[in-house]
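Have a look at the structure below before the remarks.
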Amino acid sequence: MSVLQVLGIKTDLIRPGDDLVESLEKAMSTSGLALEDGDILVISESTVATAEGRVVALQDVKPEPLAFSMATKYCKDPREMELILQESDEIIGGIPGVVLTLREGFLYPNAGIDSSNAPPGHVVLFPADAQKSAFEIRMRMAKGRKIAVIIGDSRTHPLRLGCVGVALACVGLEPVEDARGQKDLFGRELKITRKAVADNLVSAAQIVMGEGDEGIPAVIIKGAPVSISEANCAIPTIAPQECMYIGALRSSPRPYTGGYDDLIEKARQAAKDAYAPYSGFLVGAALLSKSGRIFAAGNIENAASGASICAERAALARAIACGEREFEAIAIAGNAVEPVSPCGICRQSLIEFGEDIVVIMANLKGDAVTATVADLLPKAFTDKCLR
Ligand code: THU
């Protein structure tokens, strides 16, 4: 049985322009550490980037107008925002203080631009080409030995507190092991399991490296049950549309899982009283006010088609006429193959009374999906735009 060892390499402060390999080798010999066949050297990305001179003084950055407007939106320093725009391929979105970016298929907070472990008034960018850096470090440090080099960073997982390790570049071992085809405890074939070997090794390294002033920018991992090879390929990624998190978080309607059965039933009943002789498409809507009252109506068509009114707006008109202004949810039902989705005008009418109103879209077969009005009408024109 192999024993896994994670040995920290404590160095002096690495500065821009330093020869990282020399610094590491000096620190290793001081502490009696040596690389052997099978070893894996894990180095933090900020150290590699710093040595490569990827440190920027914020006072030298001149933000463009786009950076100013996005900085306001995401509560960031405009100079940092300018660097984020320069360093990323795409901005996915953000929350105050953090912008989620894509660069060469990797998700990074703030395009990986970090002020921690950077001198005051400076930020550290990512290594320009981490794979190339890992390759060169390995070439110089291997000296005929079979070793792997990983450049590591840290990330949070969705909804989890705390960082885990993630590999940005990996040379000398396969970063992702395909476990498909192997058997589980019950003899069933594993269908989707792949092991993020390189990420796991970075996590192990981070237990020793820390994230702050420990002064341990690299570790040697000995005894890891992985095979060292000549592998030198980019860390594999998956397309955003195939990613469970990105896919699920796009604000499309979600399956309805209960809570408004009575409201849906009232909408179905209201469809029976719809006046729709022209389309024959009977729709019912039931609107639940925050005071607990339900206002239901069907669509009301007209020989002059523009004078027709949808069920949702008919229900809304009833509620407003009764003095209600605050709403919790609206159910919509009709005899359709797919759950009935409110039209654009109805989305606009509903958002006037709240972005968070829950919309339950149903048909008569029992299918239902749900979303908020804001999900259905992103970037809506509301009273806020008039201010
Ligand atoms: N309709 C609604 O009442 N609500 C919807 O969400 C979709 C469409 C009505 C309008 C019109 O009377 C008929 O369905 C066909 O468009």
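The values are calculated or read from the model by the stated rules, or taken from the named source; none is laboratory data. Keep in mind the model is a prediction, meaning the values are calculated, not measured. No Cβ is skipped: glycine too gets one built from the backbone with ideal geometry, and neighbour counts run over all protein chains shown. Side chains included, ligands, DNA and RNA excluded: accessible areas come from the protein's heavy atoms. Shrake-Rupley method; radii C 1.70, N 1.55, O 1.52, S 1.80 Å.
Listed values, structure above:
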{"read-out": "At 1.002 mPa s and 20 °C, Stokes D of segment 55-124 from Kirkwood alpha-carbon radius, µm² per second", "value": "180 µm²/s"}
{"read-out": "Area projected by the alpha carbon convex hull of the chain, averaged over all directions, nm²", "value": "26.6 nm²"}
{"read-out": "Three-way shape call for segment 105-187 based on the alpha-carbon gyration tensor, with the a/c threshold at 1.5", "value": "oblate"}
{"read-out": "Amide H contacts of residue 327 (H built 1.01 Å from N, under 5 Å, at least 5 apart or other chain)", "value": "290"}
{"read-out": "For residue 101, distant residues with modelled amide H under 5 Å away", "value": "92, 108, 110, 111"}
{"read-out": "Segment residue 244-residue 382, extension gain: residue separation times 0.36 nm, minus the distance between their alpha carbons", "value": "46.5 nm"}
{"read-out": "Max mean-square fluctuation residue, GNM over the chain, Cα-Cα springs under 10 Å, options 274, 224, 304", "value": "304"}
{"read-out": "Residue-count net charge about residue 240 - beta-carbon cut-off 10 Å; Lys, Arg +1, Asp, Glu -1", "value": "-1"}
{"read-out": "Residue of 218, 196, 333 that the Gaussian network model of the chain assigns the largest fluctuation, springs spanning Cα pairs under 10 Å", "value": "333"}
{"read-out": "Acute angle (nearest 10 degrees) that the helix 78-87 long axis makes with the longest principal axis of the chain, alpha-carbon atoms", "value": "80 degrees"}
{"read-out": "The chain, accessible surface, carbon-and-sulfur percent (1.4 angstrom probe)", "value": "56 percent"}
{"read-out": "Separation of the residue 59 and residue 325 label points, Cα + 7 Å toward Cβ, nm", "value": "5.2 nm"}
{"read-out": "Pairwise centroid distance, computed over Cα atoms, of segment 209-272 with segment 134-158, Å", "value": "25 Å"}
{"read-out": "Added length on full extension, which subtracts the Cα-Cα distance from 0.36 nm per residue, residue 163 to residue 37", "value": "42.4 nm"}
{"read-out": "Paramagnetic reach from residue 128 (point 7 Å along Cα→Cβ, amide N under 18 Å) across segment 55-81", "value": "55-57"}
{"read-out": "For residue 359, distant residues with modelled amide H under 5 Å away", "value": "330, 371, 372, 373"}
{"read-out": "For residue 101, net neighbour charge (Lys/Arg +1, Asp/Glu -1) across residues whose Cβ lies under 10 Å away", "value": "-2"}
{"read-out": "Share antiparallel - DSSP beta bridges, segment 254-386, percent rounded to 5", "value": "75 percent"}
{"read-out": "Of 10/195; 272/365; 290/379; 62/379; 10/132; 266/290, those spanning more than 20 Å from alpha-carbon to alpha-carbon", "value": "10/195; 290/379; 62/379; 10/132"}
{"read-out": "Highest-fluctuation residue, 202, 359, 99 considered, GNM on the chain with Cα pairs under 10 Å", "value": "359"}
{"read-out": "Spatial separation of Cα centroids for segment 299-361 and segment 24-58, in angstrom", "value": "62 Å"}
{"read-out": "C-alpha long axis of helix 20-30 to longest principal axis of the chain, angle in °", "value": "60 degrees"}
{"read-out": "FRET efficiency for residue 367 and residue 26, using Cβ-Cβ distance with R0 set to 56 Å, rounded to 0.05", "value": "0.25"}
{"read-out": "Rounded tilt (10° steps) of 130-142 against the dominant C-alpha axis of the chain", "value": "20 degrees"}
{"read-out": "Nearest-0.05 FRET efficiency for residue 303 and residue 75, computed from C-beta distance (R0 45 Å)", "value": "0.25"}
{"read-out": "Computed over the chain: relative contact order in percent, which uses C-alpha pairs under 8 Å that are six or more apart", "value": "14 percent"}
{"read-out": "Residue 98-residue 341 FRET efficiency (beta carbon distance; Förster radius 56 Å; 0.05 resolution)", "value": "0.95"}
{"read-out": "Sorted peptide list for 60-69, 81-90, criterion being average Cβ within 10 angstrom, highest first", "value": "81-90, 60-69"}
